[in-house]
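> Mind having a look at this structure? Questions to follow.
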Amino acid sequence: MPKEKQSKLGITTKKNENFAEWYVQVVRKAELADYASMKGFIVLMHYGYSIWEKIKNLLDSRFKESGHKNAYFPSLIPESFLSKEAEHFSGFTPEVFWVTHAGNSKLSERLATRPTSETIVYDSYAKWIKSWRDLPLLLNFWNSVLRAEITGTKPFIRTSEFLWQEGHTVHANRKEADEEVFMILRIYQNLIENILAIPVLIGKKSDSEKFVGALYTTTLEAMMPDGKVLQMGTSHNLGQNFAKPFEIKYVGKDEKEHFAWQTSWGVSWRLIGAAVMVHGDDKGLVLPPKIAPIGIVIIPIFYSKSEKELVEQKITNISEKLSDYGFNIYVDDREQYTPGWKFNEWEMKGVPIRLEVGPRDIKENKITVVRRDTFERNKIDEGKLIEELERIFNEIQRNLFNKAKNYLENHVTRVNDYVEFKDVLEKKGGFLKAYWCSKQDCEDKIKMETGSTIRLIPLENEKASGKCVYCGENTSTIAFFARAY
């Protein structure tokens with residue numbers, strides 16, 4: 001293939017020069033997703049879907065281990081259901097797609113395409129729950145939701161339709177609901193940090209930033225390479241704010257009727273977008289081994305028919321051993337592409353390890369191993385291959401996390417006054433750790449004047465006090481501000 005065409009196939013923008021363009025190129029050229037014909041929508045391609053399946057399967061097993069079961073509800077919600085919880089409904093009104101006709105007939109009531117499932121789920125919960133014996137009710141749903149994101153869209157991060165999971169549980173009292181909220185938060189943290197290799201800060205949202213209708217919202221926030229923050233997942237205690245309008249009640253052991261306590265929680269495919277942004281480089285994707293659809297790609301290298309037969313036989317033997325051990329491998333034996341072209345393609349797709357097998361390697365009884373994260377190249381004795389691959393996979397996973405953690409730690413800045421706040425925000429970005437008086441007026445003014453919001457309030461506040469970064473009032477509350485996606 002001509003060099004000019006090969007260069008156009010690769011990433012043509014550097015990550016640190018035009019981050020937004022770099023991101024879109026990686027998503028599209030690595031064949032994670034493509035733009036759909038409708039504005040605001042994307043097509044999730046097979047490679048991207050394979051990553052989502054890994055995330056889904058890992059989470060699904062953890063949910064089931066903790067007693068949750070999967071269910072499914074309709075994607076259309078009657079307007080009257082949304083109206084039952086007025087605060088919740090008003091928060092989603094600008095984003096709702098409406099269905100008004102069935103064929104040529106106008107519907108007697110508008111139907112909303114699911115922006116989130118609380119209202120339709122809780123109508124059924126009110127029918128199903130009668131006694132304390134019916135609790136806790138622990139259900140999770142894997143589905144898509146639609147929210148009218150027509151402008152400022154970004155694949156995986158902000159689109160009009162996205163895949164996610166949403167859990168909706170019902171409990172007898174606040175203690176049980178609180179325990180559920182924080183158990184799910186720990187499950188999410190384990191997924192994001194130990195599987196996606198992305199460090200997060202966790203805490204509670206301010207009242208103005210919490211989920212509409214929730215008693216409180218807990219959140220996991222990650223730092224992106226452009227200095228902006230991405231909300232990775234949330235877990236909410238809904239209190240009795242939905243139970244009362246939807247009449248979700250149960251008769252307790254005391255033979256009295258009580259309103260139930262509820263939680264909801266979710267993560268979406270924006271986790272894929274976060275992995276692209278945090279770990280990717282100028283050559284494309286860099287995938288943590290634990291979510292990579294292909295863990296090892298094997299490239300044959302030969303220059304004659306006799307060499308081809310020798311190399312193919314060796315690759316057959318190696319691939320059988322690796323597959324039997326449990327490695328997810330792919331042998332790229334396409335003859336229409338050169339080895340160099342294949343190297344570039346699989347580097348762009350972020351495959352963690354590349355094996356190169358040629359006549360010289362076979363003669364030396366060695367295999368050439370190349371790491372995607374560092375491009376380190378080594379020759380490994382064939383007899384030690386499995387042991388070494390295991391070690392390298394663990395090193396890659398650890399290296400990606402540590403690199404991202406160092407970046408996060410270097411982008412948390414303690415600021416003491418508003419002048420410093422604005423200066424750091426413009427020049428460095430990242431999290432700004434500051435005292436806040438807990439008044440929404442100061443929070444709103446900071447947001448209006450700087451574009452930054454309170455991303456989280458630490459679960460355990462520091463035992464100290466200071467002055468609000470905006471108004472100067474004495475306070476003991478610490479908040480983390482940032483500009484966010």
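The values are calculated or read from the model by the stated rules, or taken from the named source; none is laboratory data. If you're wondering where the values come from, they're calculated on a predicted model, not measured in any experiment. Because the Cβ atoms are built from the backbone with ideal geometry, glycine has one as well, and the counts that use them run over all protein chains shown.
> Which one of SER75, SER80 is under 24 Å from GLY167 (Cβ atoms) and hydroxyl-bearing (Ser, Thr, Tyr)?
Among SER75, SER80, only SER75 is under 24 Å from GLY167 (Cβ atoms) and hydroxyl-bearing (Ser, Thr, Tyr).
> Let me ask something else. Can you tell me how many residues within segment 294-347 are under 36 Å from the mean Cα position of the chain (by Cα), among the basic types (Lys, Arg) and under 18 Å from GLY383 (Cα atoms)?
1
> Return only the number of the condition from (1) at pLDDT 95 or above; (2) touching a Lys or Arg at 6+ places or on another chain (Cβ under 6 Å) that LYS403 does not satisfy.
So the condition that LYS403 fails would be (2).
> Moving on to the next point. For segment 282-325, give me each residue that is hydroxyl-bearing (Ser, Thr, Tyr) and either free of Cβ contacts under 8 Å to residues at least 60 places away in the same chain or touching a strand residue (DSSP E or B) at 6+ places or on another chain (Cβ under 6 Å) (or both).
Those that are hydroxyl-bearing (Ser, Thr, Tyr) and either free of Cβ contacts under 8 Å to residues at least 60 places away in the same chain or touching a strand residue (DSSP E or B) at 6+ places or on another chain (Cβ under 6 Å) (or both): TYR303, SER304, SER306, THR316, SER319, SER323.
> Take the residues in segment 268-297 that are touching a Phe, Trp or Tyr at 6+ places or on another chain (Cβ under 7 Å) and of a type in the set (A, V, I, L, M, F, W, C), then tell me which one is nearest to THR159 (Cα to Cα).
Here the residue is TRP269.
> Provide a single number: the residues in segment 248-275 that are over 22 Å from TYR216 (Cβ atoms), buried (at least 16 other Cβ atoms within 10 Å of the Cβ), over 10 Å from the mean Cα position of the chain (by Cα) and not basic (Lys, Arg).
Qualifying residue count for the region: 1.
> Assess whether SER438 counts as being on the phi > 0 side of the Ramachandran plot, touching a residue at least 24 places away in the same chain (Cβ under 8 Å), among the polar types (S, T, N, Q) and not assigned by TED's automatic domain parsing to the domain that holds GLN231.
Against the criterion (on the phi > 0 side of the Ramachandran plot, touching a residue at least 24 places away in the same chain (Cβ under 8 Å), among the polar types (S, T, N, Q) and not assigned by TED's automatic domain parsing to the domain that holds GLN231), SER438 qualifies.
> Give the residues of segment 210-259 that are part of a loop (DSSP other than H, G, I, E, B), under 20 Å from TYR125 (Cβ atoms) and in contact with a Leu (Cβ under 7 Å, 6 or more places away or on another chain), sorted by residue number.
If the condition is that a residue be part of a loop (DSSP other than H, G, I, E, B), under 20 Å from TYR125 (Cβ atoms) and in contact with a Leu (Cβ under 7 Å, 6 or more places away or on another chain), then GLY213, ALA214, LEU215, ASN241 are the ones that fit.
> Which condition number in (1) surrounded by 17 or more Cβ atoms within 10 Å (Cβ to Cβ); (2) modelled with pLDDT under 95; (3) part of a loop (DSSP other than H, G, I, E, B) is the one that ALA197 fails?
All conditions pass for ALA197, except number (2).
> Would you please list the contacts, defined by Cβ atoms under 6 Å and residues six or more apart or on different chains, that run from a residue in segment 120-145 that is assigned by TED's automatic domain parsing to the domain that holds HIS68 to a residue that is surrounded by fewer than 18 Cβ atoms within 10 Å (Cβ to Cβ) and β-branched (Val, Ile, Thr)?
Once the first residue is assigned by TED's automatic domain parsing to the domain that holds HIS68 and sits in segment 120-145, its partners that are surrounded by fewer than 18 Cβ atoms within 10 Å (Cβ to Cβ) and β-branched (Val, Ile, Thr) give SER131/VAL251.
> Quick test for you: out of THR234, THR159, THR153, THR218, pick the one residue that is under 21 Å from TYR485 (Cα atoms), of a type in the set (Val, Ile, Thr) and surrounded by fewer than 17 Cβ atoms within 10 Å (Cβ to Cβ).
So the residue among THR234, THR159, THR153, THR218 that is under 21 Å from TYR485 (Cα atoms), of a type in the set (Val, Ile, Thr) and surrounded by fewer than 17 Cβ atoms within 10 Å (Cβ to Cβ) is THR153.
> In segment 296-305, is there at least one residue being exposed (fewer than 14 other Cβ atoms within 10 Å of the Cβ), at pLDDT below 95 and part of a helix (DSSP H, G or I)?
yes
> Which of (1) surrounded by 15 or more Cβ atoms within 10 Å (Cβ to Cβ); (2) touching a helix residue (DSSP H, G or I) at 6+ places or on another chain (Cβ under 8 Å); (3) modelled with pLDDT under 95 is the odd one out, the single condition SER83 does not satisfy?
All conditions are met except number (1).
> Can I ask one more? Can you tell me which of ARG398, ARG414, ARG371, ARG377 is surrounded by fewer than 20 Cβ atoms within 10 Å (Cβ to Cβ), within 30 Å of VAL276 (Cα to Cα) and in contact with a helix residue (DSSP H, G or I) (Cβ under 9 Å, 6 or more places away or on another chain)?
It is ARG371.
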